[in-house]
1. Just checking, how many residues over segment 24-50 are within 22 Å of residue 102 (Cβ to Cβ) and more than 18 Å from the chain's Cα centre (by Cα)?
2. When segment 167-190 is examined, which residues are found to be under 16 Å from the mean Cα position of the chain (by Cα) and either over 22 Å from residue 49 (Cα atoms) or modelled with pLDDT of 95 or more (or both)?
3. Sort out which residues of segment 127-140 are out of contact with any helix residue (DSSP H, G or I) (no Cβ under 6 Å at 6 or more places or on another chain) and surrounded by fewer than 20 Cβ atoms within 10 Å (Cβ to Cβ), and write them in order of number.
4. Among the residues of segment 152-187, which ones are without any contact (Cβ under 8 Å) to a residue 24 or more places away in the chain and either assigned to a strand (DSSP E or B) or more than 21 Å from residue 61 (Cα to Cα) (or both)?
5. Would you check if residue 106 is over 27 Å from residue 210 (Cβ atoms) and in contact (Cβ under 8 Å) with a residue 12 or more places away in the chain?
6. Looking at 166, 208, 190, which one is crowded, with 19+ Cβ neighbours inside 10 Å and in contact with a helix residue (DSSP H, G or I) (Cβ under 7 Å, 6 or more places away or on another chain)?
């Protein structure tokens, strides 16, 4: 893998690098179709609820003491989907959303109080399928360092930040395997500050890191 220490050192330089990495990305015309086409059909049949509904999340970074940090939320145990799990702010597309960028920003405001004016969006990752029946577009951007979270207590138990340097260190990526209907998924997870970051959130983090390193990362993909 591309070693993390070859990426820019300062937060300002890394921000410029990330911005350049995503400069040519765009919202796909068919997010559910993109998510489906990238998957191994056997994995799709064994693991995923279909058809996929379009959704979006905000992969937000901010600067702390000349390092970039990534925002994550802890979901409450009362929400219908993925209770208690670690996630990015986001949710399913609504009729009021002009596109999935609007979805990600609207959901971020509703869940953690992040205003669109406090963000700078730089691009998009490939659509990520979710086993509960969603095709999620990860929207990548930055948010103001002075942002103060105001969570919706019905959906979000808390907000925390993880240093990007921690996630770039491959020794912090723990391999895991999950099996269903004879189909094994080789995945990974991160453990930080007492939080277990796993499932689709971990895969989107891995996808983001792979983008920075110019690599491919698709454990659910076709062989």
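The values are calculated or read from the model by the stated rules, or taken from the named source; none is laboratory data. Predicted, not measured: the structure shown is a model, and the values here were computed from it. Glycine gets a Cβ as well: all are built from the backbone with ideal geometry, and neighbour counts include every protein chain shown.
1. Qualifying residue count, segment 24-50: 4.
2. 167, 168, 173, 189, 190
3. Answer for segment 127-140, where residues must be out of contact with any helix residue (DSSP H, G or I) (no Cβ under 6 Å at 6 or more places or on another chain) and surrounded by fewer than 20 Cβ atoms within 10 Å (Cβ to Cβ): 132, 133.
4. 171, 174, 175, 176, 177, 178, 179, 184
5. Considered against the rule, which asks whether it is over 27 Å from residue 210 (Cβ atoms) and in contact (Cβ under 8 Å) with a residue 12 or more places away in the chain, residue 106 comes out as yes.
6. Just a single option satisfies the conditions, and that option is 190.
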